[in-house]
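Asker: Take a look at this one; I'll ask things after.
FYI, it's all coordinate maths here, none of it is from the lab. It should be emphasised that the depicted structure is a prediction, and the values quoted were computed from it without experimental measurement. Cβ placement follows ideal geometry from the backbone for every residue including glycine, while neighbour counts extend to all protein chains displayed.
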Amino acid sequence: MANATAPAQTPGSYADAPINQALSPEDKIQLYRQMIRIRRFEEVSLQHYQAGRMGGFLHLYIGQESVAIGTISLLGENDHIITAYRDHAHALGVGMTMNECMAELFGKATGCSKGKGGSMHYFAPDKNYWGGHGIVAGQTPLGLGLAFALKYKNLQGAALCFLGDGAVNQGAFHESLNIAALWGLPVIYIIENNGYSMGTSQRRSSAYPSCLAERAIAYDMDWELLSGEDIYEVRARTQVAIERAHQQSRPTLLEIATYRYLGHSVADANSTKYRTKEEIERYQRQHDPILRWKQVLLDEGVATEADLKAIDREAKKEAEASAEFAKQSPLPEPESIFDDVYWEVDHQTEAGQTGRHFFND
Ligand SMILES: Cc1ncc(C[n+]2csc(CCOP(=O)(O)OP(=O)(O)O)c2C)c(N)n1
Ligand SMILES: [Mg+2]
């Protein structure tokens with residue numbers, strides 16, 4: 001097992017990992033830009049949600065940005081991702097635009113899912129981004145399917161399937177782990193452990209010896225527990241899992257410790273009832289992944305305070321402009337309600353016309 005024998009790392013040593021040594025100063029600034037864009041995008045979305053301009057739920061990722069950006073920064077042509085409903089960061093991380101993401105929140109036809117999916121159902125298959133799923137752990141067998149397809153087609157790639165700490169007790173997840181190990185599929189399950197599933201703390205919902213990822217032992221699968229605070233660490237340790245998937249077609253279960261500052265969703269009015277205000281403030285002050293990365297950039301002399309402020313201002317402007325774009329965009333036409341639901345129906349295939357798929361004999 002990977003981490004049963006892994007040597008203890010001293011803080012800061014992940015900067016020396018080859019994958020991090022390969023980063024140019026511009027790459028490092030880009031990681032900062034991507035994280036700050038997520039935060040500013042979500043802050044603007046929150047204002048408009050509270051003003052009543054969006055329907056449905058809005059689950060914000062603020063505090064967790066290094067997990068999506070650190071992992072996605074490693075991906076190549078044949079690597080795919082799929083996640084749950086807290087999906088804005090992953091979407092922006094793969095290069096979806098703020099305009100299409102914001103318009104989706106407003107339910108507008110210019111949104112990435114043509115205004116019919118909302119916050120929880122972002123999609124961009126052209127960017128290897130397979131959603132955006134509202135059913136807890138529902139994405140885990142789908143992530144397995146992405147990995148199966150890679151192996152079936154003889155492609156050297158990996159499927160990164162993100163899930164929350166509350167999803168680890170779902171049966172579908174365990175079935176997926178079993179098949180992943182049994183068939184040697186290049187899937188990487190990434191538990192984004194933010195400590196809570198809605199208002200339930202990890203200790204109250206899950207039985208485990210020392211961490212959730214250790215459950216992989218039961219499936220003879222490699223696993224790692226890592227801190228999401230330092231993007232160097234996220235990249236260095238996720239890269240090991242990606243190489244395992246690419247070179248050996250073996251799965252990995254990663255658990256990345258992180259924290260969300262806001263409620264489970266914006267509608268969660270009780271986010272300080274199941275945890276203290278002090279706990280939230282401590283994470284904001286001492287463990288914020290963006291502040292931490294900013295300090296690395298300053299210490300390494302890669303950027304100045306003024307450079308980083310300018311990037312932040314740009315991100316804010318871009319987010320505000322995306323809200324304006326969303327406001328001005330048209331709503332979907334009622335006649336389009338059945339479009340873009342099933343590929344087969346849109347493309348008038350036999351399955352789309354008959355409703356029969358695979359089982360025609
Ligand atoms: C099968 C199922 N059960 C319950 C819910 C309601 N629900 C939505 S999110 C959530 C908590 C999940 O927490 P976690 O997996 O830790 O993800 P996080 O919200 O922290 O990102 C629950 C119980 C659901 N969407 N699907
Ligand atoms: Mg959680």
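Asker: Working from the alpha-carbon coordinates of the stretch 197-273, get Rg over Rh, Rh being the Kirkwood radius.
Answerer: Using only Cα positions, Rg/Rh for the stretch 197-273 is 1.06.
Asker: Starting from the Kirkwood Rh over alpha-carbon pairs, what translational D in µm² s⁻¹ does the stretch 129-203 have by Stokes-Einstein at 4 °C and 1.567 mPa s?
Answerer: Translational D for this selection: 101 µm²/s.
Asker: How big is the shadow of the Cα convex hull of the stretch 46-202, averaged over all directions, in nm²?
Answerer: 9.3
Asker: Between Ala306, Ala17, Ala236, find the one with the highest GNM mean-square fluctuation for the chain; connect C-alpha pairs within less than 10 Å.
Answerer: Highest fluctuation among the options: Ala306.
Asker: Here's something else I'd like to know. I need to check one value: relative contact order of the stretch 164-319, counting alpha carbon pairs closer than 8 Å and at least 6 residues apart, in percent.
Answerer: Reported relative contact order: 25 percent.
Asker: Still on this structure, please answer the following. Going by C-beta contacts inside 10 Å, put Trp183, Trp130, Trp343 in order with the fewest on the left.
Answerer: Lowest to highest Cβ neighbour count: Trp343, Trp183, Trp130.
Asker: Hey, another quick one. Which of the listed residues, Thr304, Gly107, Gln64, is farthest toward the dipole's positive end in the chain, when Lys, Arg count +1 and Asp, Glu count -1 at the beta-carbon?
Answerer: With unit charges placed on the Cβ atoms, the residue in question is Gln64.
Asker: While we're looking at this one, here's another question. Given the Cα-Cα distance of Lys127 and Leu155 and 0.36 nm per residue of separation, how much length would full extension add, in nm?
Answerer: 8.4 nm
Asker: With the chain treated as a Gaussian network of Cα nodes joined by springs under 10 Å, which of His133, His80, His347 yields the largest mean-square fluctuation?
Answerer: Ranking His133, His80, His347 by mean-square fluctuation puts His347 first.
Asker: Per the Kirkwood definition applied to all pairs of different Cα atoms, how many angstroms is the hydrodynamic radius of the chain?
Answerer: Here the Kirkwood hydrodynamic radius works out to 21.2 Å.
Asker: Relative contact order of the chain: what whole-number percent is it, with Cα pairs under 8 angstrom and at least 6 residues apart?
Answerer: Answer for the chain is 22 percent.
Asker: Under unit Cβ charges (Lys, Arg +1; Asp, Glu -1), what dipole magnitude, rounded to 20 debye, does the chain have relative to its Cα centre?
Answerer: Charge dipole of the chain: 700 debye, to the nearest 20.
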